[in-house]
Amino acid sequence: MSRIAYDPVKDRFASLIRNSAFLRTLFYKLLDLFFLRSWYVRRVLRTYAGDMDRKGPWQLLDAGSGFGQYDRFILHHFENVRVTAVDVKEDYLEDSRSYFEAMNQSDRIRFEQMDLLDPGFDRVYDFVICIDVLEHIEEDRKVITNLQSTLKEGGYLLMHSPSIYAEEDAEGDETFVDEHARVGYSKEDIREKLQTAGLEPVEVEYTYGEKGHRAWELLIKYPMLWMNRYKLWVLPLLVIYFLFTLPYGLTLMKLDMRQKNERGTGIYALARK
């Protein structure tokens, strides 16, 4: 079986945008455009964090910040927030730190290298986001409990992950879940883990329904497979490919957002302490 991993492709993109604030901003915008999970995450944040922001200063923890994609959105849309971004990858953190310094936002965000299995934070956060992280960690219950402990009373935890229905993408000759500790979560599974950690689920919904999953195949899966096989040489051909597939894919994503998915290959949960 040939295993396809995200990290090598992600690292190649990181090397391209490392020394250019312009390219990094463009990269963030492309991530927000192409990844349906970002559409769902941003919708939830606009609703719940928007109300919080109108009340005055508040603190957000980005648990597993990666490229810093959501940090840019949060700082841009919420004027009263202060962000702490943590990740296990120091190179990703340093790249993000340099970018936000160049954007004159370093006074509103700080970066720390940290393993989520061993957090060292006090209970100071009003909101925690943990986007596509839990599926990589075997001891996910411990992580959820740790994140709960960082929240103030009434604070929110928002997570996104593949669902149990993502198993279809884990079968065959090529797969995207080489680094995952589990295929994903069901609604029942994530509700139980949140409640056991002392959190009350507010919203638990499947993402990437039939239409969203088809868009993911067209806009993400196949291009990533080609990138993995042909490296950066395939980029000029991808530009032509997206001219034809992007309008259709975005339409499918919009339709996915407008319906309640009975099942989907992604899942998000918003819970309150």
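The values are calculated or read from the model by the stated rules, or taken from the named source; none is laboratory data. Note that this is a predicted model, so its numbers are computed, not measured. All Cβ positions, glycine included, derive from the backbone under ideal geometry; neighbour counts span all protein chains shown. Just so you know, the surface numbers come from the protein's heavy atoms only, side chains and all, with ligands and any DNA or RNA stripped out. Shrake-Rupley method; radii C 1.70, N 1.55, O 1.52, S 1.80 Å.
Just a few scattered comments:
- Rounded accessible area of S38 (nearest 10 Å², 1.4 Å probe): 0 Å²
- The chain - accessible surface per residue (Å², probe 1.4 Å): 47 Å²
- Flagged links, alpha-carbon separation over 31 Å, of K152/K187; K89/K273; K29/K142; K152/K221; K29/K231; K211/K273: K29/K142; K152/K221; K211/K273
- Relative to one another, the C-alpha centroids of the range 241-273 and the range 33-55 are positioned 14 Å apart.
- Fraction of beta bridges assigned by DSSP in the chain that are antiparallel (%, nearest 5): 40 percent
- Counting Lys and Arg as +1 and Asp and Glu as -1 over every other residue whose Cβ lies under 13 Å from the Cβ of L255, the net charge comes to +3.
- Apportionment of accessible area to carbon and sulfur, the range 65-218, percent (1.4 Å): 43 percent
- Gaussian network model of the chain, Cα within-10 Å springs - most flexible of G249, G64, G120: G120
- Working note: 222 nm ellipticity from helices only, DSSP H runs with n ≥ 4, each -39,500 (n - 2.57), summed and divided by the residues of the chain, gives -14500 deg cm²/dmol to the nearest 500.
- Rolling a 1.4 Å probe across all protein chains gives R43 an accessible area of roughly 90 Å².
- Radius 10 Å from Cβ of A271, net charge of other residues (Lys, Arg +1; Asp, Glu -1): +2
- The fraction of accessible area contributed by carbon and sulfur in the range 225-273 is 67 percent, rounded to a whole number (1.4 Å probe; ligands and nucleic acids excluded).
- Per-selection Rg to Rh, the range 133-272 - Cα, Kirkwood hydrodynamic radius: 1.04
- Solution diffusion estimate, µm²/s, Stokes-Einstein, the chain, Kirkwood Rh from C-alpha pairs, 20 °C, viscosity 1.002 mPa s: 112 µm²/s
- Fraction of beta bridges assigned by DSSP in the range 67-202 that are antiparallel (%, nearest 5): 0 percent
- Ordering of 253-260, 233-240, 147-154 by packing [mean C-beta count within 10 Å, highest first]: 147-154, 253-260, 233-240
- Share antiparallel - DSSP beta bridges, the range 118-273, percent rounded to 5: 65 percent
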